[in-house]
Amino acid sequence: MKFDTPATTNPIDRLKVVGKATDRIEGPLKTTGTAPYAYERHDAVADPAYGYIVGAGIAKGRIVSMDLAAARAAPGVIAIVTAANAGKLGKGKFNTAKLLGGPEVDHYHQAIALVVAGTFEQARAAAALVHVHYARTRGNFDLAAAKSSAQPPKAGGIGGKPDTAVGDFAGAFAQAPVSLDATYTTPVHSHAMMEPHASIASWNGDQLTIYTSNQMINWSKGDVAATLGIPAEKVRLISPYIGGGFGGKLFVRADAIMAALGAKAAGRPVKVTLQRPLMFNNTTHRPATIQRIRIGAGQDGRITAIGHEGWSGDLPGGGPETAVNQTRLLYAGPNRMTATRLAVLDLPEGNAMRAPGEAPGLMALEIAIDEMAEKLGMDPVRFRILNDTQVDPEQPSREFSQRQLVECLRLGAERFGWDKRVAKPGSVRDGRWLIGMGVAAGIRNNLLMKSAARVRLDSHGIVTVETDMTDIGTGTYTIIAQTAAETMGLPLDSVIVKLGDSSFPASAGSGGQWGANNSTAGVYAACMTLRDKVAQALGLNAADVDFADGQVRSGNRSIALGDAARSGELVAEDGIEYGDLDKTYQQSTFAGHFVEAAVDAATGEIRIRRMLAVCAAGRILNPKAARSQVIGAMTMGVGAALMEELAVDTRFGFFVNHDLAGYEVPVHADIPHQEVIFLDEEDPISSPMKAKGVGELGLCGVGAAVANAVYNATGVRVRDYPITLDKHLGRLPTLT
Amino acid sequence: MIELRYEKAVDPASAMQLHGGRGTARYLGGGTNLVDLMREEIEQPGLVVDVTGLSGDIRETDGGGLLIGAGVKNTALAEHRAVRARYPLLSRAILSGASGQIRNMATVGGNILQRTRCYYFYDDAARCNKRSPESGCDAIDGFNRIHAVLGTSPACVATHPSDMCVALVALDAVVHLQGASGARAIPLTDLHRLPDGHPEIETVLEPGELITAIEIPNLPFAARSTYRKVRDRASYAFALVSVAAALDVEHGIVRDARIGLGGVATKPWRARAAERAVVGKAATEANFRAAAEAELENASPLSGNGFKIELAKRTIVHTLGELA
């Protein structure tokens, strides 16, 4: 199905199933521990051997020698895979560094060997006997030091152009009566998902099957094939349940490749999980940024000049953190510039983490906006509303398909009690606590990706959906079931959803908050094709058939849907593809985030008191699942604001706090009260579903809302995340 | 592969016999730290002797104190009525640590002997004098925000992570030990060593010597005590700074004080200088500040943990102020 004109009324608009707050259809499997995750697929693979990864102990250099004798002789060892015996390996399109290093080492904890043994304990013990002699070479590990050598990254891809300019930014900024020029930093973040990367690989002749935990089955199938040098049709990936991804599982990682190589060497299936301490340096991360923001405005509060420059680093061949991109769209202003610069850093490779670009970009921009509002003596909600734009400020002929940022901010301010905020920072006390409120805007674009599905109808009227789409804990199973049920006129329990298998039609996958809209649109397309087949099978005219209540109705005839499959299952396969509506219109989602924070006047400890997000993101397919996405993202935003930082040891080039004890994310006690409101919105420009996505929007702006609340509490502006107590301790208002 | 043998002791004598003073043997309490360290291959014992079945009682002593078996679970100790009433700082210290699940497993003996959470101690590609004697320390010039400012040496700056021990040292707790040469009792403040040149030797325990109990003396004014833990998140995090304090104030004058510090030192830290400075003085913020200054006078900051000095001072002042 080609979607190239705005959606009109369609079967989804009935909203009998879609749009209803619905429990997860796979929820009972998860709450009873019967949803099998990749490492537990004993049902599918009998008696696998265990692989244990040896991670490089240096960040850059080469392996001079590797002594495997002791490890080979250790009890239970079946095989040891290294670059020296693995054969020629390619590199996946989505990988920057090789997944099996050696003799060159590209980053710390890069896999350099896999020890395969009969038990996990044997593999681990033998891995400890692998003796590696390295020759270190100097590397660049410090973004601040490498900043001056940064270059414009190559154009294209999701990141867009490295430089944009409209009007005369420099001139307008210089002449602006009120201006701000400030630099902000965000640290490296880790996805730190609960389920580590894990795979079981099994060869049947030249056919490879990998049970894995992966967000993007179709990308990864190609990358497994490219890395191993085998045809893609010889690779099958199966990933029905995923214990968190956040972008860390968009790509094939060492677990899958090393399991495949280990299984080949061992001659039997091999299971590999990345050991938790390897999760932080072996995998990808959200790169650190340095951001300079300049804003000029008239005394009336209207922005006349806005400029945002961002620096990040990555291994050679890697990409930038596109932290400036939202600044091209969020506020009006006739004179504007953005610039993205990329330095070479020899740290593990950077890549996408939930809301890549916007998450760190808004952490900086939305503090800057708060600072400008204060300079103007203007309420920060009012300042944002004043500078709203309904068109792409770089290309004013492009309108937003929907843009309710102002409505988000207004409703949020009303519900949050924003009128009680005292503008002068450091003026509200509650016992030993300093209290503050903060606001930030959120924007995250709606990305269109083609997505296909197969639907089967049996004679009992049960519809089975098959697509390689993944559910990374987001509720995908449920919204796909809702979509098929709505389109076919069935109750939810008449739909079976099968996901995450590369033998199914290729979907959009889970990433960039594009999964919900695109994958359901693909399922809708397949169901519409199935409806035609049903009508044909029943000898009805597809144009005047109604599908409702498990019946197919035409004129005064009403036939059970399953009857169409009486003489055999009906199967339809179709997908959604997009025209150029995303070029004609700017498609984005918006949020207003509100936070109340308390700061201990003596110790500087920061505690969140309450949070509110008001989101405008198209049709909300399942308000319950969507709310869960947003509160999870808000929680992640608190982590980014207050505690999350992968600390770089700039001498040796590795992330030091590489486990869940050292890399702190919020716990329940940090998040006392969260509220989410979705505005009524349908976006007929986005897809037949008229939906967009919320999974990343929920994070966009949260960090800055926290930062602004802390500033309002203390009067101390911290521009370097995370805002830990040591950064404002010495400057807190004195106790009286 | 090291074959791991597991034995369960029925009494202290059998525990010591099974252990035999061998360097490859470890006593196993709740396992909440030892098992983690085994998974990371920092500890690789060939034998663990499970002592969780020993001495799980809490009983009154003749002197009006409490004798707490080393096998008592952290949760049971924190919830004990006498502890809550007479030593609230101990109850609060325990409850501020770890999680409910971990406290249900962890024992008093194991808590005392838990090892540091220094990142470099955990990473076998890094140099660590505690893990690998005389190999060097990568923390001293590395990422050391969580490290110690008191009791450090050029060989080691790792903190002792316990909350419970901070309260116990403030209470003058005595550790009862059973060793090859018999039983002895020493102050808890003397159990942990300063790292000096040998951070790998963390206590004065003899090989195979077993902690059997902790004794807390009678200290009526400890009914007025508390534990304040400052950390980066609200729960399930080690202290940046913690203060255990009991204060005896009469007519506005501090008659006696007990202060312990956590998160800032290489061992559970008894703040005697602060106590000396404040006893006999008026219970005022200025005097509390002077006491805190006295304790931290010789603190030595690293590149990333200097804030702990001011934070410790403020937390002492605030905590004493709350008790005054």
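Neighbouring Cβ atoms from other chains, within 10 Å of the Cβ of residues in B:135-147, number 3 on average. Using just its DSSP H runs of length 4 or more, each adding -39500 (n - 2.57), chain A gives a mean residue ellipticity at 222 nm of -7000 deg cm²/dmol after division by all residues.
Note on the stretch A:693-736: along the principal axes its Cα atoms extend 47, 17, 12 Å, ordered by decreasing extent.
Its residue count N sets the reference 2.2 N^0.38 Å, and the alpha-carbon radius of gyration of chain B equals 0.97 times that reference. For the segment A:115-128, counting C-beta atoms of other chains within 10 Å of every residue's C-beta and taking the mean gives 2. The relative contact order of the stretch B:5-52, computed from alpha carbon pairs under 8 Å that lie at least 6 residues apart in sequence, is 54 percent.
Against the empirical 2.2 N^0.38 Å (N residues), the stretch B:5-52 has a Cα radius of gyration ratio of 1.07. Rg and Dmax, both from the Cα atoms of the stretch A:213-356 and both in Å, are 20.6, 74. Among the trypsin sites (Lys or Arg not before Pro) in the stretch A:638-733, those placed in a DSSP loop whose Cβ has at most 13 other Cβ atoms within 10 Å are A:R651. Across chain A, the relative contact order, built from alpha-carbon pairs under 8 Å that are at least six residues apart, equals 17 percent.
Suppose the Debye formula is applied to equal point scatterers at every Cα of the stretch A:461-527; what is log10 I(q)/I(0) at q = 0.24 Å⁻¹? So the normalised log intensities are -0.99.
For chain A, the dipole from Cβ point charges (+1 on Lys and Arg, -1 on Asp and Glu) about the Cα centre works out to 880 debye, to the nearest 20. Placing a label point 7 Å from the Cα of A:R14 along the Cα-to-Cβ direction, the residues of the stretch A:476-500 with a backbone N closer than 12 Å are A:483-492.
The charge dipole of the stretch A:234-345, taken about the Cα centre with unit charges on the Cβ atoms of Lys, Arg (+1) and Asp, Glu (-1), comes to about 480 debye, rounded to the nearest 20. Take each residue of peptide A:55-65, count the partner chain Cβ atoms within 10 Å of its Cβ, and average: the result is 1. Looking at the P(r) of the stretch A:72-115, how many percent of alpha-carbon pairs lie beyond 13 Å? That fraction is 58 percent.
Per-residue ellipticity at 222 nm for chain B, helices alone: DSSP H runs ≥ 4 residues times -39500 (n - 2.57), over residue total, nearest 500 deg cm²/dmol? Please report the intermediate quantities before stating the final value.
On the way: 12 runs with 92 residues, N = 324.
Helix-only estimate at 222 nm: -7500 deg cm²/dmol.
Using a cut-off of 23 Å between Cα atoms, the listed pairs A:K2/A:K154; A:K60/A:K98; A:K533/A:K624; A:K30/A:K98 include A:K2/A:K154; A:K533/A:K624; A:K30/A:K98 as exceeding that distance. Normalised by 2.2 N^0.38 Å, where N counts its residues, the alpha-carbon radius of gyration of the stretch B:76-208 equals 1.15.
Note on A:K583 and A:D532: the extension gain reaches 15.2 nm, defined as 0.36 nm multiplied by sequence separation minus the Cα-Cα distance.
Peptides B:43-53, A:167-177 ordered by packing proxy, namely the average of other Cβ atoms within 10 Å per residue, highest first: B:43-53, A:167-177. DSSP assigns beta bridges within chain A; of those with both partners inside it, close to 75 percent run antiparallel. For the stretch A:44-134, the equivalent ellipsoid derived from the alpha-carbon gyration tensor has semi-axes of 22, 17, 10 Å in decreasing order.
The tail of the calculated P(r) for the stretch A:564-619, taken as Cα-Cα distances beyond 18 Å, holds 70 percent of the pairs.
Beyond 17 Å, how much of the Cα-Cα pair distribution for the stretch A:1-84 remains, as a whole percent?
Result: 75 percent of Cα pairs exceed 17 Å.
The alpha-carbon of A:K727 sits under 28 angstrom from the alpha-carbons of these lysines, leaving out residues fewer than 8 places away in its chain: A:K147, A:K375, A:K420, A:K424, B:K229, B:K267, B:K308, B:K313.
Can you say what percent of the DSSP beta bridges in the stretch A:560-715, counting only those with both residues inside, are antiparallel? Round to 5. In the stretch A:560-715, DSSP labels about 70 percent of beta bridges as antiparallel. The Cβ shell under 14 Å around A:F94 holds other residues with a net charge of +3, Lys and Arg each +1, Asp and Glu each -1.
Shown here are the Rg and Dmax of the Cα trace of the stretch B:223-323, at 13.1, 43 Å. Taking one equal scatterer on every alpha-carbon of chain A, how large is log10 of I(q)/I(0) by Debye at q = 0.08, 0.09 1/Å? Values, matching the q order: -0.66, -0.83.
A simple charge model with +1 on the Cβ of Lys and Arg, -1 on the Cβ of Asp and Glu and nothing else charged puts the dipole of the stretch B:5-52 at about 140 debye relative to its Cα centre.
When the Cα positions of A:T96, A:T338, A:G461 are compared along the charge dipole of chain A, A:T96 comes out farthest toward the positive end, with charges on each C-beta of Lys, Arg, Asp and Glu. Using the Cβ-Cβ distance between B:Q44 and B:A223 with R0 set to 45 Å, the FRET efficiency works out to roughly 0.50. Note on chain B: with a GNM built from Cα contacts shorter than 10 Å, the maximum mean-square fluctuation among B:A291, B:A167, B:A183 falls on B:A183. Restricting the chymotrypsin sites (Phe, Trp or Tyr not before Pro) of the stretch A:85-133 to loop positions (DSSP other than H, G, I, E, B) with no more than 14 neighbouring Cβ atoms within 10 Å leaves nothing.
Here, each number is a calculation from the coordinates, and none is a lab measurement. These numbers come from a predicted model, not from an experiment. We place every Cβ from the backbone using ideal geometry, glycine too, and count neighbours over all the protein chains shown.
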